[in-house]
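Values in this text are rule-based calculations from the coordinates and carry no lab data. Treat the numbers as computed from the prediction; the structure is a model and nothing was measured. Counting neighbours? That spans all protein chains shown, and the Cβs are built from the backbone with ideal geometry, glycine included.
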Ligand SMILES: NC(=O)c1ccc[n+]([C@@H]2O[C@H](COP(=O)([O-])OP(=O)(O)OC[C@H]3O[C@@H](n4cnc5c(N)ncnc54)[C@H](OP(=O)(O)O)[C@@H]3O)[C@@H](O)[C@H]2O)c1
């Protein structure tokens, strides 16, 4: 088996859940990983923790809703580790409610965070990050099974994730001749701090206790349980290998059988 090269990897929203698991996996494989999220304390604590684990990780504060913040993030990454080989667009938020009652602010926040950010970060990495001039690259967007089917009381979230899947397919086809692959990973239910907040929200909206919501969600999953962040990270890791060169413009589920599409 050929040894994989050490790559420069950017992971957004890497201070928690799936992003943190992806960072730990890729840095553990010898890649240099630059991370960002909104909360400075969490970025500092995550970088410190991972460096103590002897991983080559650094990062800065990043708000993926802001063009200036995205530019600063990519510039800082290039200064620290060099031009970018792999971008993992992971930062995202849940959200929704009764659609007739959704405010412009909530809609815009979810679309900005989950969808517009994926375009803006990708563009910045292709330009400032130098990726467009390379013959090898990976762009991996963490979408959702909600990007393939509608989620009741989750219209803005579903719309944002369908958008991510569409963007992935278009850009994957566009960049296919270049050696840069573009794929979406679509988790179903994954046990992370976000999943906990989602259950709390449904419990508040429906009046049912959180334990009942958990049972209801688990019953929908053929595997009978949530996926783990590490299981999602495993597919991201595979997509960064040379062997995955012919997988592009795809939206691949990690969902315990929840999505049959
Ligand atoms: N958990 C699931 O069941 C599930 C299922 C399908 C898809 N997903 C997707 O997987 C991704 C990660 O979810 P998760 O469950 O790991 O969530 P999580 O535990 O809540 O982590 C989200 C991360 O994103 C960061 N973030 C949020 N808004 C940001 C912004 N505006 N700019 C920069 N960073 C931001 C958070 O840090 P700060 O808050 O400090 O910024 C945190 O590091 C999301 O795109 C989500 O939609 C999750």
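For the range 68-167, what Kirkwood radius comes out of the mean inverse Cα-Cα distance, in Å? Don't skip to the answer; put the middle values down first.
Details: mean 1/r = 0.0692 Å⁻¹.
Its Kirkwood hydrodynamic radius stands at 14.4 Å.
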Exercise. How many nm is it between the label spots at residue 223 and residue 170, if each spot is 7 Å from the Cα in line with the beta carbon?
Worked result: 3.1 nm
Exercise. How many nm separate the modelled label positions at residue 79 and residue 53, each set 7 Å beyond the Cα in the direction of the Cβ?
Worked result: 2.7 nm
Problem set entry | Between 0 and 90°, nearest 10: helix 67-81 axis offset from the chain longest Cα axis | 40 degrees
Seminar exercise, completed: In degrees, nearest 10, the alpha-carbon axis of helix 17-28 is tilted away from the dominant principal axis of the alpha carbons of the chain by 20 degrees
For this session: Name the most mobile residue of 195, 159, 100, meaning the one with the largest mean-square fluctuation, in a Gaussian network model of the chain with Cα contacts below 10 Å.
Result: 100
Exercise. Relative to the first principal axis of the alpha-carbon coordinates of the chain, what is the inclination of helix 193-206, with its axis defined by its Cα atoms, in degrees from 0 to 90 and to the nearest 10?
Worked result: 20 degrees
For this session: Starting with the fewest neighbours, write out 225, 132 ranked by other beta-carbon atoms found within 10 Å of each beta-carbon.
Result: 225, 132
For this session: Can you grab the distance from the C-alpha centre of the range 151-224 to the C-alpha centre of the range 28-45, Å, no decimals?
Result: 23 Å
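Could you estimate the translational diffusion coefficient of the range 176-261 from the Stokes-Einstein equation, with Rh from the Kirkwood formula over C-alpha pairs, at 4 °C and 1.567 mPa s, in whole µm²/s?
On the way: Rh = 14.5 Å.
Here the translational diffusion coefficient equals 89 µm²/s.
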Exercise. So, in nm, how far is label residue 132 from label residue 29 when the simple model puts each one 7 Å beyond its Cα toward the Cβ?
Worked result: 2.7 nm
For this session: Give me the Kirkwood hydrodynamic radius of the chain, using the inverse of the mean 1/r over all pairs of distinct Cα atoms, in Å to one decimal.
Result: 18.5 Å
For this session: Go ahead and set up a Gaussian network model of the chain, Cα springs under 10 Å, then flag whichever of 205, 87, 131 fluctuates most.
Result: 205
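Can you pull the Kirkwood radius for the range 1-128, inverse mean 1/r over Cα pairs, to one decimal in Å?
Values: mean 1/r = 0.0662 Å⁻¹.
Radius from the Kirkwood sum: 15.1 Å.
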For this session: Residues in the range 199-228, backbone N under 20 Å from the label point at residue 149 (7 Å along the Cα-to-beta-carbon vector): list them, ranges by number please.
Result: 199, 202, 213-228
Problem set entry | Paired Rg and Dmax values of the range 78-123, which use every Cα atom, in angstrom | 14.8, 47
